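Comments concern the structure below.
The values are calculated or read from the model by the stated rules, or taken from the named source; none is laboratory data. Predicted model only: the values in this text are computed from it and were never measured. We place every Cβ from the backbone using ideal geometry, glycine too, and count neighbours over all the protein chains shown.
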């Protein structure tokens, strides 16, 4: 039982530990660089930008908005499995590479990962066809379905990287397919 409690606590902490990175980066950015130290994924820039972009934000509001979505969606995936959570991150980063290579504008923020988690959670129930994961997918659809239109450029505010959202979502769907195939 103690082992189960320790594992549960560890699972709860994973997204909080991950969030310490962008919150620390934003604090350093605001205090030392007046909000000008961003680590975006830039067209023609270093591949490193693919890995730093999720941890860089355009201010406290941007970071807070992403954090409030990131935590519960992360927990939902983590409660299924840590392996699935890692698969979502890998899928999101893999799908960011074509955006980095061919999209004309840079971007940053955790929203690509948020949409990856969302894509995974919406698809995994239908792919696994188990009552528990179908219920999870439906819960996520009802709770977070309102943000799905922002995957399209016509519904995405100016300055918001809809392509980053869409590529993150595709990475989550890719992870769901990979994990569903592995479990069969």
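Looking at the structure I just gave you, is residue 62 within 20 Å of residue 92 (Cα to Cα), in a helix (DSSP H, G or I), out of contact with any strand residue (DSSP E or B) (no Cβ under 8 Å at 6 or more places or on another chain) and modelled with pLDDT under 95?
The answer is yes for residue 62.
Taking region 110-153 on its own, how many of its residues are outside any helix (DSSP H, G or I) and within 14 Å of the chain's Cα centre (by Cα)? Spell out the reasoning first.
Start the filter on region 110-153 by keeping residues that are outside any helix (DSSP H, G or I), which leaves 110, 129-130, 152.
Filter once more, keeping what is within 14 Å of the chain's Cα centre (by Cα): 110.
Here the count works out to 1.
Would you pick out the residues in region 154-182 that are part of a helix (DSSP H, G or I) and exposed (fewer than 13 other Cβ atoms within 10 Å of the Cβ)? Break it down into steps so the answer makes sense when it comes.
Going residue by residue through region 154-182, those that are part of a helix (DSSP H, G or I) are 154-155, 162-182.
Across region 154-182, the qualifying residues are 154, 155, 181, 182.
Here is a yes/no grid of residues against (1) in contact (Cβ under 8 Å) with a residue 12 or more places away in the chain; (2) in contact with a strand residue (DSSP E or B) (Cβ under 8 Å, 6 or more places away or on another chain); (3) closer than 13 Å to residue 164 by Cα; (4) outside any helix (DSSP H, G or I):
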| position | (1), (2), (3), (4) |
| --- | --- |
| 10 | no, no, no, no |
| 13 | no, no, no, no |
| 19 | yes, no, no, no |
| 23 | yes, no, no, no |
| 98 | yes, no, yes, no |
| 105 | yes, no, yes, yes |
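Quick one: which of 53, 94 is closer than 16 Å to residue 164 by Cα, in contact (Cβ under 8 Å) with a residue 12 or more places away in the chain and surrounded by 19 or more Cβ atoms within 10 Å (Cβ to Cβ)?
Values: 94 fails: surrounded by 19 or more Cβ atoms within 10 Å (Cβ to Cβ).
Just one listed residue meets the conditions, 53.
Among the residues of region 36-59, which ones are at pLDDT 90 or above and not in a loop (DSSP other than H, G, I, E, B)?
Filtering region 36-59 for residues at pLDDT 90 or above gives 46-59.
Those that are at pLDDT 90 or above and not in a loop (DSSP other than H, G, I, E, B): 48, 49, 50, 51, 52, 53, 54, 55.
Report whether or not residue 117 is out of contact with any helix residue (DSSP H, G or I) (no Cβ under 8 Å at 6 or more places or on another chain) and either in contact (Cβ under 8 Å) with a residue 24 or more places away in the chain or loosely packed, with under 15 Cβ neighbours inside 10 Å (or both). If you could, list the steps in order and put the result at the bottom.
Details: out of contact with any helix residue (DSSP H, G or I) (no Cβ under 8 Å at 6 or more places or on another chain): no; either in contact (Cβ under 8 Å) with a residue 24 or more places away in the chain or loosely packed, with under 15 Cβ neighbours inside 10 Å (or both): yes.
No: the conditions fail for residue 117.
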